[in-house]
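Quick one: the structure is below, and I'll ask about it shortly.
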Amino acid sequence: MRCFSLTLYTILFLMLPLMVNAQKTEEPDVIMTDSSIQILDPVSQVPDSLKREKAKDTNIILESFSNMEKIDVDYKKIEEFVKKNPKGYKDLMKRFLDNPLSLSVEEVVKLYYGYPFTNGYNPNRVDALTKPTRLMLSGELQGALDVCEKELRKAPVSLALLEKASFLVHELKAPSRQKYVQRTMKLLSALMASGTGYSKEDAVKVIYISDEYAVFREMMGLVLSKQEFVERRYDRMTLNTGNGGESIILWYDTYLMQEWRKKHVR
């Protein structure tokens, strides 16, 4: 079986600014404990024939994060939009599902960071990614895609699920389902616009821990060497290329997840 090369993602990262300009002119999953994050990492068990080839030039992707025009992600304004204009949010979601390329980056930012203010959001689910991964381990790629599609109905803006669905679509040669790739790249544009990840103050904002992994491991080919949970809000990831290269520090802001847990986890 042919491996899915990360070169494709590198090219798509480079295309993102062009996609944005065109618009203008026209969980591995985790369990939170009191002191740390326990990572459930089924993807590391995927056989080599199904693993993504590491990106040859991670700096290209990191530069794409730096060069992306930044958007002020105002959680209060987004919450107000979702709660006072539920029809407007529902319309955004429908467009995202039917025609993802029709959304601007600003609209995708509203969609992604607005999802935690809906009743469907639950960042604590630990089975959404383990189910399709088990099927992939047994070579049942069509079954894995079917499960991804089912889970995406519950978590339509999960970057990790969309990335996995995009990989499976590629392996199964199912061009009729290319919207998964389009949705993946649109969500990436929102994350890239939220911060560079180079510092705590400019952390990349995420609504699922698994989305952190989808970016740095599945798409950038980096290996996690250390993870720290800072101020009960930020994930500080120490990453490397796995070949003795320099370590890279990426910061993620998990504020919306922590706020949800305060209200729903006893």
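Take region 237-266 and flag every residue that is among the charged types (D, E, K, R) and surrounded by fewer than 17 Cβ atoms within 10 Å (Cβ to Cβ).
Across region 237-266, the qualifying residues are E246, E259, R261, K262, K263, R266.
Check V147 against each of (1) part of a helix (DSSP H, G or I); (2) over 20 Å from D211 (Cα atoms) and name the one condition it does not meet.
(2)
Could you list, ordered by first residue, the pairs with Cβ atoms under 8 Å in which the first is in region 240-256 and at pLDDT below 85 and the second is assigned to a loop (DSSP other than H, G, I, E, B) and surrounded by fewer than 21 Cβ atoms within 10 Å (Cβ to Cβ), at least 6 apart or interchain?
Here the result reads T241/K54; G242/K54, each pair linking region 240-256 to a residue that is assigned to a loop (DSSP other than H, G, I, E, B) and surrounded by fewer than 21 Cβ atoms within 10 Å (Cβ to Cβ).
The values are calculated or read from the model by the stated rules, or taken from the named source; none is laboratory data. Keep in mind it's a predicted model, so treat the numbers as computed, not measured. Don't worry about glycine lacking a Cβ; one is built from the backbone with ideal geometry, like all the others, and counts go over all protein chains shown.
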